[in-house]
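Notes to accompany the following structure.
The values are calculated or read from the model by the stated rules, or taken from the named source; none is laboratory data. Keep in mind that this is a model prediction, so the values were computed, not measured. Positions of Cβ are generated from backbone atoms using ideal geometry, with glycine treated the same way; all protein chains shown enter the neighbour counts. With ligands, DNA and RNA removed, areas are computed over all heavy atoms of the protein, side chains included. Shrake-Rupley method; radii C 1.70, N 1.55, O 1.52, S 1.80 Å.
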Amino acid sequence: MDPVTSGILIVVALFGLMAIGTPIAFALGGVSLAALILNQGMSELTYFGETFFGSLASFGFVAIPMFILMGAAVASSPTGRDLYRSLDLWLGKVPGGLAISNIGACSIFAALSGSSPATSAAIGKLGIPEMRKRGYPDGVAAGCIAAGGTLGILIPPSVTMIVYGISTETSIGRLFIAGAVPGLMLALLFMAWTLIACKMAGGYDTPNPVAAAANQIKENVEGNMKALVRVLPFLVVVTGILFALYGGVATPSEAAGAGAFLCLALAIVVYRMWQVKPLKVVFRDALRESVMIMLIIACAEIFAYALSSLFITQTVAGAIADLEVNRWVLMGIINLFLLVAGFFLPPVAVIVMTAPILLPIILAANFDPYWFAVVLTINLEIGLITPPVGLNLFIIKGIAPDIALKDILLGSLPYALCMVLGIVLLCFFPGIATWLPDLIMN
């Protein structure tokens, strides 16, 4: 069977399995194993096991569960509540300020947790009911949280950037720096659209009758100031981790381990989580997400091995390389491919499967690999708030089940367009992603 036909059958089988609810890791592994056995015989079982375990043998992957544990210590503690209250103290009284403070909270929480689902869940549980209480339209309330949560995979420290760095053998510290300014740019674009959406809808920030009394406002301010004090140590830890990475003091794995320990210790001390039950929740959440990501990585490596063994990867890469088009047309084709892939697959799976294939093409077209990492990540962020998978959409639906999924989707789509605008700005001004890494790391 020729590589093109084999590739089409494999893709159809993969999406067929996912359509009936098969977990992504099992779908990737099952399709890969079936393709290898049908084409090359039972002897491929040996290579299946070697590839599965060998793909996880890199020491760099230690950083992933450590950063996830760090995020779980933040997400499973009241840190999100305190962060939200702190930002609401400064921005909540500005017209449209509550929605802006939610996006700001998502940005900071994304840096603390590195996880988009955790960010959407933690800030959404607090922000959505409060925004609806103050008169914000359901679409704006749900959309700004769903979009703000996507910043978790771009603003450092980012698990997906670690996966990209290991898959392409690029500097993880430089990748983290490259994502910082574009992450802030997206946050500002989200805030700008939120203000426009609020003014178009009208009737936002309706005074809360409970908070109208002067003594209640005073109590709120005092409580919010105390919340700010409780959040500051976590922000110091994140700043210290980034300094250790960028200053060459520690490797990503060492920084992740130290960050996980310090955030866990802070959660225990600051929020008095002395009992076994809350700590059990932290470790359960961290273990569940770590195993899911590592399984996806391992099975995605097997999928990539199967595509390579059947010469599908080489055929596709050759077809793209042979396109006699302008390099920006080539980049447009790659962006479209990544966008469609992000509609169906989680970011980690897309990166592991496509980054090693696309990187030589990107380098041959004279694009910066770190700039491309940011563009790739933003494309995958769009997939988190667009159907059919749209993980953040379903998280928001779980938080606010009385908001129609259609309203959540319609409220999120303008933010997806903001991300497209962000990609366009990066294409016109690549220095947005490359200037800070060049400045810091020479």
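List of remarks:
- Kirkwood estimate for the range 256-318, i.e. one over the average of 1/r between Cα atoms, Å: 14.8 Å
- The chain - percent of accessible surface contributed by carbon and sulfur, probe 1.4 Å: 72 percent
- Rounded tilt (10° steps) of 44-54 against the dominant C-alpha axis of the chain: 40 degrees
- In the range 1-160, Rg over Rh equals 1.17, where Rg is the alpha-carbon radius of gyration and Rh the Kirkwood radius from pairwise Cα distances.
- Label separation (L421 vs K226): 4.1 nm, computed from points 7 Å beyond Cα along the C-beta direction.
- Residue among P346, P233, P157 with the largest mean-square fluctuation in a Gaussian network model of the chain, springs linking Cα atoms under 10 Å: P233
- Nearest-10 value in Å² for the accessible area of R85, using the 1.4 Å probe: 80 Å²
- Computed on the Cα trace of the chain, the radius of gyration divided by the Kirkwood hydrodynamic radius gives Rg/Rh = 0.98.
- Annotation note: GluC sites (Glu not before Pro) in the range 242-346 located in DSSP loop regions with a Cβ neighbour count of at most 13 within 10 Å are E324.
- Fully extended contour minus Cα-Cα distance, from L287 to A265, at 0.36 nm per residue: 6.1 nm
- Cut-off 12 Å between beta-carbons: net charge of the residues surrounding Y305, Lys and Arg +1, Asp and Glu -1: -3
- P(r) weight above 17 Å for the range 370-442, C-alpha pairs, percent: 52 percent
- Per residue, the accessible area of the range 313-442 comes to 44 Å², computed with a 1.4 Å probe over protein heavy atoms only.
- Rounded to the nearest 20 debye, dipole of the chain from Cβ charges on Lys, Arg, Asp, Glu: 1480 debye
- For E50, E169, E130, the ranking by accessible surface with the largest value first comes to E169, E50, E130, using a 1.4 Å probe.
- Seen from all directions on average, the range 323-367 presents a Cα convex hull projection of 3.1 nm².
- Probe 1.4 Å - accessible area at V316, Å² to nearest ten: 80 Å²
- Between the C-alpha center of the range 231-288 and that of the range 374-417 there is a gap of 28 Å.
- Helix 63-75 vs. the chain, principal-axis angle (Cα, 0 to 90°, nearest 10): 20 degrees
- Each residue was assigned an accessible area with a 1.4 Å probe, and for Y305 the value is about 60 Å².
- Taking M419, M18 and ordering them by how much accessible surface each has at a 1.4 Å probe, largest first, produces M18, M419.
- For the chain, the 222 nm mean residue ellipticity estimated from helices alone, with every DSSP H stretch of n ≥ 4 adding -39500 (n - 2.57) and the total spread over all residues, rounds to -26500 deg cm²/dmol.
- Distance in nm between pseudo-label sites at L336 and A13 (7 Å out along the Cβ direction from Cα): 2.8 nm
- For the range 297-397, the alpha carbon convex hull comes to 98 Å³ per residue, rounded to a whole number.
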